[in-house]
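Undergrad: I have a structure I would like to understand better, so I am pasting it below and will then ask my questions one at a time.
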Amino acid sequence: MNIKKSEKISKKLKGSSVGIAGLGGLGSNAAISLARIGIGRLVLVDFDKIEECNLNRQYYFLDQVGKYKTEALKENIQRVNPSVKVDIKNYKLNKGAMDNPFHNVDVIVEALDSAEEKTIFIEEIMQNLPNIPLVACSGTAGYGNSDRIKTKQIGNLYLCQDKDARSSDDDVLLAPRVCLMANWEANIVLEILLGEDK
Amino acid sequence: MSIKVNGKQVIWIENETVKQLLKRMKYTFPLVVVKINDKLVPRSSYTETIIPDKAKIAVIHMISGG
């Protein structure tokens, strides 16, 4: 371990903030990874409560079923790294105001479920907060085919994508691929925050 | 006289709108994000935005799952 590099990174991350839209399989796992590495502040947005069927891929525990995802994830993050400041917003992102919670963050992570919501979110963020890098994800359903996942960058939009994946409406959502793509998003966030010095 | 759509070279047609281009490319999926030369084209302007020559166009199609 390069201690000097590690200290330099920690310092930079402590001063950084990341907003996450949606705390399902993508958002909960990305948030935990970002918390582990010591991001200064996380803004977490979701309206949903945890269901037992979420536990096959989302970062929650059996005894948290029925709780709001925002509150449960804040608890879990604090168990991992209490130094992370966690701002939770317990509401549904509405069309026309999707950018509202994310005006004061360094990077935004799209971690929503339906294609329609993803599209509207990306459009609104790119239109209303064009200077904040946005990391989005498309094609998490299924298993295997890890090698099809790619990062596509268009300006300030970084898309973690498997173009040939099926919609989750016609396929399954399972931890290995969902967590892979959640951490792919978190890894892009890290690259954006830390810049070229790898 | 050509444009690039998702990295693919395509003939440029004078006065073609985003909506017409999506149709020509057979991009029929309803949910897309369109950027021309890195600039977002709002969905409401697909019918009036004209594609300039040599434009680089990105059409992104989101797939459900999260």
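One line per residue, one yes/no per condition, for (1) assigned to a helix (DSSP H, G or I); (2) within 14 Å of chain B (Cβ to nearest Cβ); (3) open to solvent by 20 Å² or more (accessible area, probe 1.4 Å):
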| position | (1), (2), (3) |
| --- | --- |
| A:LYS5 | yes, no, yes |
| A:SER10 | yes, no, yes |
| A:ASN29 | yes, yes, no |
| A:ILE32 | yes, no, no |
| A:ALA35 | yes, no, no |
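Undergrad: Another one. How many residues are over 25 Å from A:LEU180 (Cβ atoms) and open to solvent by 60 Å² or more (accessible area, probe 1.4 Å) when one looks only at the stretch B:24-66?
TA: Residues that pass the stated criteria total 14.
Undergrad: Closer than 20 Å to A:LEU173 by Cβ, touching a helix residue (DSSP H, G or I) at 6+ places or on another chain (Cβ under 9 Å), at pLDDT 95 or above and not in a loop (DSSP other than H, G, I, E, B) - does that describe any residue in the stretch A:76-86?
TA: Taking every residue of the stretch A:76-86 in turn, at least one turns out to be closer than 20 Å to A:LEU173 by Cβ, touching a helix residue (DSSP H, G or I) at 6+ places or on another chain (Cβ under 9 Å), at pLDDT 95 or above and not in a loop (DSSP other than H, G, I, E, B).
Undergrad: Right, something else. From A:ARG177, A:ARG148, A:ARG166, grab the single residue that is within 14 Å of chain B (Cβ to nearest Cβ), touching a Lys or Arg at 6+ places or on another chain (Cβ under 9 Å) and more than 21 Å from A:SER28 (Cβ to Cβ).
TA: Only one candidate passes the filter, namely A:ARG148.
Undergrad: Could you list, in sequence order, the residues of the stretch A:65-76 that are touching a Lys or Arg at 6+ places or on another chain (Cβ under 9 Å) and closer than 10 Å to A:LEU44 by Cβ?
TA: A:LYS69, A:THR70
Undergrad: Let me ask something additional. Which of the residues belonging to the stretch B:1-52 are of a type in the set (D, E, K, R), farther than 21 Å from A:LYS152 by Cβ and assigned to a helix (DSSP H, G or I)?
TA: B:LYS19, B:LYS23, B:ARG24
Undergrad: Something else: Out of the residues in the stretch A:50-71 that are of a type outside the set (D, E, K, R) and in a helix (DSSP H, G or I), which is most open to solvent (accessible area, probe 1.4 Å)?
TA: A:LEU62
Undergrad: Can you tell me which residue among A:ALA72, A:ALA111 is farther than 22 Å from A:LYS12 by Cβ and touching a strand residue (DSSP E or B) at 6+ places or on another chain (Cβ under 7 Å)?
TA: Sole residue among the options that is farther than 22 Å from A:LYS12 by Cβ and touching a strand residue (DSSP E or B) at 6+ places or on another chain (Cβ under 7 Å): A:ALA111.
Undergrad: Suppose we filter the stretch A:168-194 for residues that are without any contact (Cβ under 8 Å) to a residue 60 or more places away in the chain, open to solvent by 30 Å² or more (accessible area, probe 1.4 Å) and more than 15 Å from the chain's Cα centre (by Cα); how many remain?
TA: 5
Undergrad: I'd like the full set of residues that are open to solvent by less than 80 Å² (accessible area, probe 1.4 Å) and either touching a helix residue (DSSP H, G or I) at 6+ places or on another chain (Cβ under 8 Å) or of a type in the set (A, V, I, L, M, F, W, C) (or both), limited to the stretch B:1-23.
TA: B:ILE3, B:VAL5, B:VAL10, B:TRP12, B:ILE13, B:GLU16, B:VAL18, B:LEU21, B:LEU22
Undergrad: Hey, another quick one. Among all residue pairs at least 6 apart or on different chains, which show Cβ distances below 7 Å where the first residue, located in the stretch A:101-121, is modelled with pLDDT of 95 or more and open to solvent by 10 Å² or more (accessible area, probe 1.4 Å) and the second is among the aromatic types (Phe, Trp, Tyr) and outside any strand (DSSP E or B)?
TA: A:LEU112/A:PHE121
The values are calculated or read from the model by the stated rules, or taken from the named source; none is laboratory data. Being a predicted model, the structure only gives us computed values, none of them experimental. Every residue, glycine as well, gets a Cβ built from its backbone with ideal geometry; the counts of neighbours run over all protein chains shown. With ligands, DNA and RNA removed, areas are computed over all heavy atoms of the protein, side chains included. Shrake-Rupley method; radii C 1.70, N 1.55, O 1.52, S 1.80 Å.
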